Structures are given as C-alpha cells and as structure tokens.
Amino acid sequence: MALERTQAVVVGRRALGERDRLVVFYTRDFGQLRGVARSVRRPRSRMVGAFEILTLGDLVFFDTGRSELVRIDHFDVRNPFAAVREDLERLGHGAWAVECVTRLTADRDPQPALFRLLVRALEALDAGTAPPRVAACFGLRAVDLLGQRPRLDRCMRCGRAYPFAGARLDVEAGGLVCARCVADAGALTVSPAAAGTLRRLRAAAWADGLQLPLGRGTERELWQLVEGLAAQLMGHPARASRFLEQTRRGPA
C-alpha cells in the first residue's frame, strides 16, 4: 500500500453509508482521483467541512493498486475559495470549469498544466474578475491543452484563407469553415470581432487575457462560443450551463 501526496481540487462528493463520504478530486500529479474518507461525516471528524466543492488543498492518501478508489488519510485546505461559492454567477462558472475538466479527461490521467489552469481560474473568480471572462479564458486554454485547438486561419474543408463571410466554428472539422462548406447544423456562428478576440486571447498571457478590453456584445459572444465548443466536445451541454441559464432568468 503506497502513501501518496499531491495538491488537489475537490470536484465532486456524495455520502457513502452513514459515516463515510466518496470524494472526487482533480489532482496535480494523478489527474482525476476518487477516494473514500472514512467516518468524515461524524461531527467530531478532523476533516468535517474540508471537502466543500472547489476547495484547493493538500491531499494525502493510500493507494492499494487493487481498486479505483483510494483511502483518504487527510486533506489540508490551502484555499476554500469561499467567495466563489457565495455568489451564484461565480459558482456557476466555477462549476462549469470543473465540469470541463472532469468530462474531458480520464481518471488517473495527470495533466499538471490543466490543474494549474483550473487553480488560476478559481483564484480569478475568488478575486472578483468577471466570471464569463474567466470561464472563457479557461475554456479556450483548456481545449488547447487537451489537444483540441481549433484552427482559425482558414476553412478546414476547402482551405480558403480567413476572413470570409458566414464563418462557423465546426468541432468535427477542427476549426473554422466557410458558408459554402458548412455541413454540421450545430456549427457555431463566429463574427469577425469574435474570431479576432479568440486569436488575441490565445497569444496573450493569462493575466492580460483577463483584462483585454472588449465590447459587451463581443464579450457575450466569446463566452457563448467557448461554452458551445466545450458542449460539442463533451457531446452535450454542461449541467452548469443549465444552472447559469436558470440563474440569469431568476425565480419564476
């Protein structure tokens, strides 16, 4: 039985029996990891309250190698990102980022750069940066890190150089397609302003991307494009997207 240590973000949890909890982490060194925290639901447990969603901490666990579940020894909180959970919009976009990570990566597939990107996104949300901008910058970089970077310089079907009218972002084609070549009814319409913004964000450092001046319409289209791109890669819209839509509508 090996004792392992790593940094981790809590990305899911549920009750297990009367006293235990099943916790899902996204870790720096092991990728997605599922573990059992024994007796953690007892009021006197030293880890009670430690496994709030989106919490960053230092995870110590035992791995027998005979099960997909590890045994959690302890989890020391580094940053609870409390401000993210206290605001519905921040919470929704943070949950969207987490869902991208968990749906687009496999268990036990370490992606240290993606882990660092997730932590950066949670730090920016916690600091009060506009949630749609944070999520868009995160999603665009996450897609690149996972090898799904769409091309934006030409039509992926006929080779015609961009710009051209009626541009669409087609995940199956691997990038932009022109109006004559579009075949997927779900391809995302891309305005010239949004295409230029996507290119600038790719070239910008993380902090610069968060502060890049954008018009309100371009900001909204940028988020919708990245959200739609992630949905196509996942095969369905993220649950967090539905939560965000309900939040925008407000109570009936």
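Only the coordinates and a few stated rules stand behind these numbers; no lab work does. Computed from a predicted model, the values in this text were never measured in an experiment. Heads up, the Cβs are rebuilt from the backbone with ideal geometry, glycines too, and the neighbour counts pull from every protein chain shown.
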What spacing in nm lies between the two simple spin-label points modelled at Ser191 and Asp29, each 7 Å away from Cα in the Cβ direction?
4.8
Which order results if Met156, Met234, Met1 are arranged by neighbouring Cβ count within 10 Å, fewest first?
Met1, Met234, Met156
If I take R0 = 30 Å and measure r between the Cβ atoms of Arg13 and Ala106 in this structure, what FRET efficiency does the formula 1/(1 + (r/R0)^6) give, to the nearest 0.05?
0.90
What distance in nm lies between label points placed 7 Å from Cα along the C-beta direction at Arg78 and Arg38?
2.7
If amide H atoms are built 1.01 Å from N in the plane of the peptide, which residues on other chains or at least 5 residues away come under 5 Å of the amide H of Gly175?
Arg151, Asp170
Using the Karplus equation 6.51 cos²θ - 1.76 cosθ + 1.60 (θ = phi - 60°), what ³J(HN,Hα) coupling, rounded to whole Hz, does each residue of segment 61-77 give in order, writing x for Gly and Pro?
8, 9, 10, 7, x, 9, 8, 6, 8, 9, 9, 6, 8, 7, 9, 9, 5
Would you give the gap between the C-alpha center of segment 136-184 and the C-alpha center of segment 63-128, rounded to a whole Å?
28
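Between Ala203 and Ala127, what FRET efficiency follows from the Cβ-Cβ distance if R0 is 30 Å, with the result rounded to 0.05?
Efficiency computed from Cβ-Cβ geometry: 0.80.
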